[in-house]
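Please read the structure below before turning to the comments.
Every number here is computed from the coordinates shown, using simple stated rules; none is lab data. Keep in mind it's a predicted model, so treat the numbers as computed, not measured. So basically every Cβ, Gly included, is an ideal-geometry build from the backbone, and we count neighbours across all protein chains shown.
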Amino acid sequence: MPASLCGTWDIISNTNFEGYMVALGISPNLRKIALKLKQKKVIELKGEQYIIKTTSSFRNYTTRFNVGQEFEEFTKGLDNRRLKSLVTWKGNKLVCEQTGEKNNRGWAHWIEDDKLHLDLYCDGEVCSQVFKKKGCE
Ligand code: VLZ
């Protein structure tokens, strides 16, 4: 059983978010704003359903899914695309494959040294984010 991803997490590093946003076709103006944001993750499990909220002072993004069940995702406020997404456990990683206009798109979450890790990938670009649990050092 993988360590729980649930909780409230503050971003402490964000490598190549710019490259990920370029791959998604986010405009230069929006990228400039987005790069400065302190992102937060709130991950909850309600029954079988995961709820992942990405929040910031500028824009929020929420996704809800059940592991192993494909769902329709609309990336509202991000690149505004419609995707077919599927989240599964691969070892200790919670992995999402996002099928749509962009190739090789998805993300993976895992816990390492009490930190929440997230790789966001699109079209050969990888953004690596690390979060620390709120209230912990
Ligand atoms: O997260 O795919 O945790 O949905 C950035 C929001 C969110 C703020 C990046 C900037 C993608 C917006 C988050 C301006 C363009 C994401 C998944 C994994 C769950």
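Some observations on this one:
- Value of relative contact order over the chain, rounded to a whole percent, pairs C-alpha under 8 Å and six or more apart: 27
- S4 paired with K90, simple spin-label distance in nm, labels 7 Å along Cα-to-beta-carbon: 2.6
- Helical content of the chain, expressed as a calculated mean residue ellipticity at 222 nm, amounts to -3000 deg cm²/dmol (DSSP H runs of 4 or more residues, -39,500 (n - 2.57) each, divided by residue number, nearest 500).
- On the principal axes of its alpha-carbon atoms, the chain has extents of 39, 34, 24 Å, going from largest to smallest.
- Residue pairs exceeding 21 angstrom between C-alpha atoms, taken from K40/K76; K41/K102; K46/K76; K38/K132; K36/K102; K38/K102: K41/K102; K46/K76; K36/K102; K38/K102.
- Order of R64, R105, R81 - criterion: other Cβ atoms within 10 Å of each residue's Cβ, fewest first: R64, R81, R105
- What the pair-distance distribution of segment 20-90 shows, using all Cα-Cα distances binned every 10 Å from zero, is 18, 45, 31, 6 percent.
- The GNM of the chain, with springs linking C-alpha atoms under 10 angstrom apart, assigns the highest mean-square fluctuation among S85, S27, S13 to S27.
- Given charges at Cβ of Lys, Arg, Asp, Glu: the chain dipole, positive-most of C127, T99, T63: T63
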